[in-house]
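Everything below concerns the one structure shown next.
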Amino acid sequence: MTILGGLGGKRGPGGDGVGTTAARGGAGGATYVTERDFEREVLRSELPVLVEFTADWCEPCKAIAPEVDAFAHEMQGKAKVVKIDIDKSPIISQQLRVQSVPTFMVIAEGRIQNAVVGAIRRKKMQELIEPFLPRAAGALKAPELAQLLGTGEVAAVDTRDPAAYGRAHIPRAVNIPIEQIESRLAELHMMQGQPVLYCRSGDKTKEMSEKLTEQGLPVAYLEGGMLAWEADGFAVQR
């Protein structure tokens, strides 16, 4: 995969060969990977990996270091965030055709899945890694729900109280408060399309979805709830 030069500093002078994993980065922050442990820590990782190619002399890399470490902390248990110093790991950098730093790559299932050159913020890091994060059973993201609603394959079920539903809800959503779901399962299964539950933030409907799935009645839910729907800019009905 060819990575074209772009934002950030250019490659500096030759490196000092293969080193050992550096104990850099704060607690829970991004750790350094070298040529010795690249295969184990990145290619064989069960979790998706966001790799930042960096260098000690790279000023843009230094500027975004707190963002990278903070994102690594957020992703603990979901994804790995690591750094590779191009001067200490020149072979990897050359094989992956890294031409400037910082360069970010997403590696999942042993392959490069995406890449971007230049200094980026946490929101962009999230966008890069998001498609490869483990997903809970039955979870749908807002864009996925919007697409399925458009084709009529699913029906949205607002589980908030009637007052919240009245203020704003997903267009054509049916209101069944969360405490009534288990007593109104027949209504769910009579809907035109698979029911997708949503609440304010997604937490309550995630728990309900898991509970019903354990009972043999799998029901999907909107990840992030109404907050995610509105944050992504989708229309609401009032």
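The values are calculated or read from the model by the stated rules, or taken from the named source; none is laboratory data. Just so it is clear, the structure is predicted and the values come from calculations on it, not from any experiment. We place every Cβ from the backbone using ideal geometry, glycine too, and count neighbours over all the protein chains shown. Note: accessible area is taken over every heavy atom of the protein model, side chains too, but ligands, DNA and RNA are not part of it. Shrake-Rupley method; radii C 1.70, N 1.55, O 1.52, S 1.80 Å.
Descriptive notes on the structure:
- Residues satisfying the stated conditions in region 131-183, i.e. without any contact (Cβ under 8 Å) to a residue 60 or more places away in the chain, assigned to a loop (DSSP other than H, G, I, E, B) and in contact with a Cys (Cβ under 8 Å, 6 or more places away or on another chain): 159
- Selection of region 198-232 for residues being within 18 Å of residue 171 (Cβ to Cβ), assigned to a loop (DSSP other than H, G, I, E, B) and over 18 Å from the mean Cα position of the chain (by Cα) yields 199, 200.
- Remark: pairs (first residue in region 45-64, polar (S, T, N, Q); second residue in a helix (DSSP H, G or I); Cβ separation under 8 Å; 6+ apart in sequence or on different chains) = 54/61.
- Candidates in region 157-187 are the residues that are buried (at least 19 other Cβ atoms within 10 Å of the Cβ) and of a type in the set (A, V, I, L, M, F, W, C); of these, the one that is farthest from residue 238 (Cα to Cα) is 181.
- First in region 193-219 and open to solvent by 40 Å² or more (accessible area, probe 1.4 Å), second anywhere and in a helix (DSSP H, G or I), Cβ under 7 Å, 6 or more apart: 200/225; 200/226; 200/227; 201/225; 201/227; 204/178; 217/185; 218/212
- Flag for residue 76 being assigned to a strand (DSSP E or B) and either in contact with an Asp or Glu (Cβ under 9 Å, 6 or more places away or on another chain) or surrounded by fewer than 22 Cβ atoms within 10 Å (Cβ to Cβ) (or both): no
- Conditions (1) farther than 17 Å from residue 64 by Cα; (2) among the aromatic types (Phe, Trp, Tyr); (3) at pLDDT 95 or above: number failed by residue 132: (3)
- Only listed residue being out of contact with any helix residue (DSSP H, G or I) (no Cβ under 8 Å at 6 or more places or on another chain), open to solvent by less than 50 Å² (accessible area, probe 1.4 Å) and either in a helix (DSSP H, G or I) or of a type outside the set (Gly, Ala, Ser) (or both), chosen from 69, 56: 69
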